[in-house]
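Below is one structure, written out as structure tokens, with a few remarks after it.
Throughout, read-outs are computed from the coordinates displayed, never taken from laboratory work. All figures in this text were calculated on a predicted structure; none of them were measured in a lab. Reconstructed Cβ throughout: ideal geometry from the backbone, glycine too, with neighbour counts over all protein chains shown.
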């Protein structure tokens, strides 16, 4: 059923009790052409584009928990594309272009809000960094405005411009913003199922069957399944899946935390982000401040970060916004992020034939969801990455052609 | 947050330490002769296990010395800490 004003009115007569389920719970079939492992935004999106644009008919998405229950539902929902290097700019701006039409494409409101993102500069070096990156963005067709102290103070009047680390300027991307993270998973799931994709929840992959160097099947908690091609799209468990297929990855899995405050009236109509004091904050449509910062430095799969990281988020937040100092924080949570040496993702082929991987998005994968899914779908369908995906191959860790993206994590590394 | 037993100073709060990734990775003896694949493996590829992990920590705000930690990455429980140069403990030893 199409979501429309007409159907909204029609269903109101039956007290909204007769809406169809957005997606069903099909049984796992014995054989598929393509299986996507991981039912987050990237995985569901991959299945959607495979079915819609690349004519693949028999697709399943396997998710060990519930769809969107991993990092898709655990991030701070920030979307931007103001990356330094050409390779990253192409990938993340492809995503922003898709974000702009996503709600109507999926017939599902993902609440994409281009409220603008201010990346703050606190020192001469920071000003040089945002200037360099801003000009790099211009050259790559990404909107960027370099603002001075006065312009930032006028736009965000309640921000403390003269703290211990004064705000000297900012890099503004007006096309950046936020989206509703759950809706992205739900929208892709519903649209994919409408195209015949089987979404199998509570189905964990336990083994990968390989014959003569080619993937032939998967062992899951719901039985074994034969398959022609597999796309691994796991956030937080990339190394575990790679281990099943007999190869290792240049990845460390670390906890990353975020938290939200009690809801308040509208006070912040943009996204604020700072490398140097290291915090990022936006206000959700419910009124909560959504706050994030750095990841822990040690490997962990516990989905729980350390307490001192919370202090490291709060200190810069209240320095920038003393007005927030008496807010109560309601919830905090952790996700496990797969960090690569250059903070850029890995998209493409693996040492196993017809087994593809899309992982290593580190601390910033949500923003790329549609772009990542789109280029990965093409990679899986054609067996070769396209021009956007090619620089992000696993092989770059042998050739040395890293995409060393310090802008990826909003943190010096 | 952990309490970590520094082999030199005893139990201290985790905030005194920093973690520096997987331990027991030997630099190839002949860097000029190894292939790009071997050098890439050495530089970038890591085990990243879900379970027992051997890792290097430094006691930054204490003795400033490096040591190794054997830790379960699922529960974050530290099984053992030991000095650099000590034998890598087997999973069955502890």
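Summary of computed values
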read-out	value
Cα centroid separation - the stretch A:329-354 against the stretch A:60-122, whole Å	15 Å
Sorted largest first, extent of the stretch A:147-279 alpha carbons per principal axis (Å)	64, 36, 27
Alpha-carbon centroid distance for the pair the stretch A:1-52 / the stretch A:157-199, whole angstrom	23 Å
Value of relative contact order over the stretch A:287-413, rounded to a whole percent, pairs C-alpha under 8 Å and six or more apart	22 percent
DSSP beta bridges in the stretch A:228-376 [antiparallel fraction, %, rounded to 5]	90 percent
Calculated FRET efficiency for the pair residue A:27/residue A:131, C-beta based, R₀ 60 Å, to 0.05	0.60
Angle between chain A longest axis and helix A:307-320 axis [Cα atoms, degrees, rounded to 10]	50 degrees
Taking A:359, B:6 and counting other C-beta atoms within 10 Å, the order from fewest to most	B:6, A:359
Rounded to 5, the percent of DSSP beta bridges in the stretch A:37-174 classed as antiparallel	90 percent
Rg/Rh (Cα only; Kirkwood hydrodynamic radius) as it applies to the stretch A:52-94	1.11
Ratio of the Cα radius of gyration of the stretch A:77-229 to 2.2 N^0.38 Å, where N counts its residues	1.47
Chain A: angle of helix A:41-53 to the longest principal axis, Cα-based, in degrees nearest 10	60 degrees
Computed [θ] at 222 nm, helices only, for the protein assembly as shown once each DSSP H run of length n ≥ 4 contributes -39500 (n - 2.57)	-7500 deg cm²/dmol
Cα long-axis angle, helix A:124-139 against chain A (0 to 90 degrees, to the nearest 10)	50 degrees
Antiparallel content of DSSP bridges confined to the protein assembly as shown, in %, to 5	75 percent
Whether the stretch A:1-111 is rounded, prolate or oblate, judged on the alpha carbon gyration tensor where a/c under 1.5 counts as rounded	oblate
Rounded FRET efficiency, nearest 0.05, which uses the C-beta distance separating residue B:24 from residue A:164 and R0 of 41 Å	0.50
Cβ-Cβ FRET estimate between residue A:382 and residue B:83, R0 fixed at 45 Å, reported to 0.05	0.30
Interatomic Cα distance distribution for the protein assembly as shown, bins of 20 angstrom, percent	22, 55, 23, 1
Fluctuation leader among A:71, A:97, A:11 - chain A, Gaussian network, Cα springs under 10 angstrom	A:11
